1. Past 27 Å, Cα to Cα: identify those pairs from LYS70/LYS110; LYS110/LYS140; LYS18/LYS139; LYS141/LYS262, in the order given.
2. Using +1 on the beta carbon of Lys and Arg, -1 on that of Asp and Glu, and nothing else charged, what's the dipole of the range 10-106 about the Cα centre, debye to 20?
3. Which whole-Hz couplings ³J(HN,Hα) result when phi for each residue of the range 131-146 is put into the Karplus expression 6.51 cos²θ - 1.76 cosθ + 1.60, θ = phi - 60°, listed in order with x for Gly and Pro?
4. Projected onto the charge dipole of the range 6-101 (+1 at Lys/Arg Cβ, -1 at Asp/Glu Cβ, origin at the Cα centre), which of SER31, ALA84, ALA60 gives the Cα projection farthest towards the positive end?
5. Once ligands and nucleic acids are excluded and a 1.4 Å probe is used, how much of ILE257 is accessible, expressed in Å² to the nearest 10?
6. Whole-Hz ³J(HN,Hα) for each residue in the range 16-28, computed from phi via Karplus 6.51 cos²θ - 1.76 cosθ + 1.60 with θ = phi - 60°, x for glycine and proline: what do you get?
7. Using the Cβ atoms and a cut-off under 12 Å, what net charge is assigned to the surroundings of CYS39, where Lys and Arg are +1 and Asp and Glu are -1?
8. What's the long-distance tail for the range 16-110, i.e. % of Cα pairs beyond 20 Å?
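The values are calculated or read from the model by the stated rules, or taken from the named source; none is laboratory data. Quick caveat, the model's predicted, so the values are computed rather than measured. Positions of Cβ are generated from backbone atoms using ideal geometry, with glycine treated the same way; all protein chains shown enter the neighbour counts. In case anyone asks, the SASA skips ligands and DNA or RNA and just uses the protein heavy atoms, side chains included. Shrake-Rupley method; radii C 1.70, N 1.55, O 1.52, S 1.80 Å.
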Amino acid sequence: MGFPPVPPIVKSIAHVLKVADEHEARNIVVSYWARMYACQSAMKLIPGKKPPEVSALLIALMDWLEETKKANHDVEGICNETVAQAMIEQYAIQLFTFADGQDRAENFNKNMIKAFYTAGILMDILEQFGEQSEDIINKKKYAKWKAAYIHNCLKSGDTPTAGGPDEHLKNVIDITKEGDDEASQNDLVISPRSHLDFPNNQGYNLPTGPAPASSPVTPVVPPEPEQFIPQPNPPTPSISTPTPTIQGNGNVGPEQIQKAQKCCKYATSALNYDDVKTAIDNLQKALNLLQLGKE
């Protein structure tokens, strides 16, 4: 069925609804709980009386949820939250593991970006089942950051730096604000019908933990890749500020310059999350490195 458009006041649920659209025909469990999470999120965003356009969307989503639950009353992944959590978590880890393997192999492409991106959204959806493990929380932050980072590198013609959570996680935690996950993909828009192009489950290691016996996890099927459509970054407002006089330090060497470059990259990543404070902190570190030779 068709749904009303997502009103700007609840635009943060649009990413979740796209994941629901993508999976409706091939994984009804993911689609069901994605739309359930979108409903819950919209109600939290606007407590009390809702604007008419929000009410129209919520009513359409709740009607679909009710009809889908009736039509799939024998599917444990829909009727049993414990089974649903296990299925969605294992699927999210599959995507994360695939993307991480592609990243370490330096196979930077739209399918790897999409895998990181979708894994992060799926881990958002897991929030409705209760408190998440620290591992899932860290993987979620890392997946969203990595998707945005690689996308921006490819868009600007830069070569991304490969690496896993152990190498990058500290920087991810530093630049990610709690509660900003919904808005972390403002410049990463993926066609609602685009899918992941997995090479027959080769090139990455699937999780070894068993899936629930009565509700097997939907296998990852290699679909046909479709167009990846990035949304341009919004224009940065021009702010007129006095230009300070900066004098470099003659003792600054390659190591300090490299650290300063990394600080500048972290500042750029922080701005993707609207985290101005972290951006300023990292730019100040870069300035100290170039002026004083230390942070």
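1. On the way: LYS70/LYS110 37 Å; LYS110/LYS140 18 Å; LYS18/LYS139 21 Å; LYS141/LYS262 19 Å.
Beyond 27 Å: LYS70/LYS110.
2. That gives the range 10-106 a dipole magnitude of about 460 debye.
3. Along the range 131-146, the couplings run 4, 8, 6, 4, 4, 5, 4, 5, 5, 5, 4, 5, 4, 5, 5, 5 Hz.
4. So the residue furthest toward the plus end is ALA60.
5. 80
6. Values per residue, Gly and Pro as x: 5, 5, 5, 4, 4, 4, 4, 9, 4, 7, 10, 7, 5 Hz.
7. Charge balance near CYS39 sits at +1.
8. Summing the P(r) tail past 20 Å for the range 16-110 gives 47 percent.
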